[in-house]
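The values are calculated or read from the model by the stated rules, or taken from the named source; none is laboratory data. These numbers were taken from a predicted model, which means no experiment stands behind them. We place every Cβ from the backbone using ideal geometry, glycine too, and count neighbours over all the protein chains shown. For the accessible areas, the whole protein counts, side chains as well, though only heavy atoms, and no ligand, DNA or RNA atoms are used. Shrake-Rupley method; radii C 1.70, N 1.55, O 1.52, S 1.80 Å.
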Amino acid sequence: MTIEEDKLTNKDVLFINMNQPANRKYIGKYRLTAVPTFINADNERYSGTSLDKIEKVVGEN
C-alpha cells in the first residue's frame, strides 16, 4: 500500500464485497456498474482506480 492509498483509507469509506450474495442489494441501490465505485454525500461518483479522481470524489486528505 502506498502513502496515497493509506490516506484514502482514513476517510469514511465503506468497503462492500460485491461477491457476497447478501451485499448484491447495493448494486441496484447505488446503481453500481463497476468496482471500485466511490460515491460521496453529494452523489458524485467515480468508478475506477485513478487516485487523483478518487480524491476528487472522496475529498482531499
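Annotation for Arg24 and Glu44: the two label points, set 7 Å from Cα along the Cα-Cβ direction, are 3.3 nm apart. Remark: the range 22-34, residue by residue, has Karplus-estimated 3J(HN,Hα) of 5, 8, 5, 4, 6, 4, x, 4, 10, 6, 7, 10, 8 Hz, where x stands for each Gly or Pro and the curve is 6.51 cos²θ - 1.76 cosθ + 1.60 at θ = phi - 60°. Of the whole protein surface, Arg24 contributes about 120 Å² of accessible area at a 1.4 Å probe radius. Modelled label positions at Val57 and Leu14, each set 7 Å beyond Cα in the direction of Cβ, lie 1.5 nm from each other. Distant-in-sequence amide contacts of Arg24, defined by a placed amide H-H separation under 5 Å and a gap of 5 or more residues or a different chain, comprise nothing.
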